[in-house]
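Values in this text are rule-based calculations from the coordinates and carry no lab data. Values in this document were obtained by computation on a predicted structure and should not be read as measured data.
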């Protein structure tokens, strides 16, 4: 089997356009090829069919086989039901969760850098309040912060696909795993909305 890379994906798209629409390979313009985080590929192409420009978003699996496609000239965010609204709300709650984590980190760091002054008959001593427990808390909050930023970046990418009318790519990006992570790190509401949006995106991508 050939190595699956961007050139292989372009070749598969041109073969698909020729087989399904009779478009000569040299007339097919593949203007976007992206490998998704789940190993799948998303590519966009355009060509002339019946004197009309056709633009497609094509989803391919990790082996480079086409699994679904959508006509970008016909698909809009209005065809995706409540998904655009749910993703937008999930984005807002994710930003709120991110701000909360940043404030928590700042508060822990301030508490850790504070000092405690002890006055005893032997004299006055100053002891740092920073302890191994606070250090563990800081590390945990930083890890949560990094994961939360990652989830938000994925949500922003989903919104970008939705605004472009690309339900297939939005569905590929809005995975069940992302929804579960959002439930844990970005709040229950954000996670539930991401999972619910999958149904509308799935219908729009069929």
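At a threshold of 8 angstrom on Cα-Cα distance, excluding pairs fewer than six apart, so keeping six or more, what relative contact order does the chain reach in percent?
On the way: 328 pairs, mean separation 43.1, N = 206.
For the chain, the relative contact order is 21 percent.
Of 179, 112, 81, the residue with the greatest mean-square motion in the GNM of the chain, using alpha carbon springs below 10 Å, is 112. For region 1-77, the relative contact order is 22 percent, taking Cα pairs closer than 8 Å that sit 6 or more residues apart in sequence and dividing their mean separation by the residue count. Taking the Cα atoms only, what angle lies between the long axis of helix 176-185 and the longest principal axis of the chain, rounded to 10 degrees? Relative to the chain, helix 176-185 is tipped by roughly 20 degrees.
Rounded to the nearest 500, the helix-only mean residue ellipticity at 222 nm of the chain stands at -19000 deg cm²/dmol, with each DSSP H run of n ≥ 4 adding -39,500 (n - 2.57). Rounded to the nearest 10 degrees, the inclination of helix 83-113 to the longest alpha-carbon principal axis of the chain is 30 degrees. Averaging 1/r over each pair of different alpha-carbon atoms in region 1-114 and inverting the result gives 17.3 Å, the Kirkwood hydrodynamic radius.
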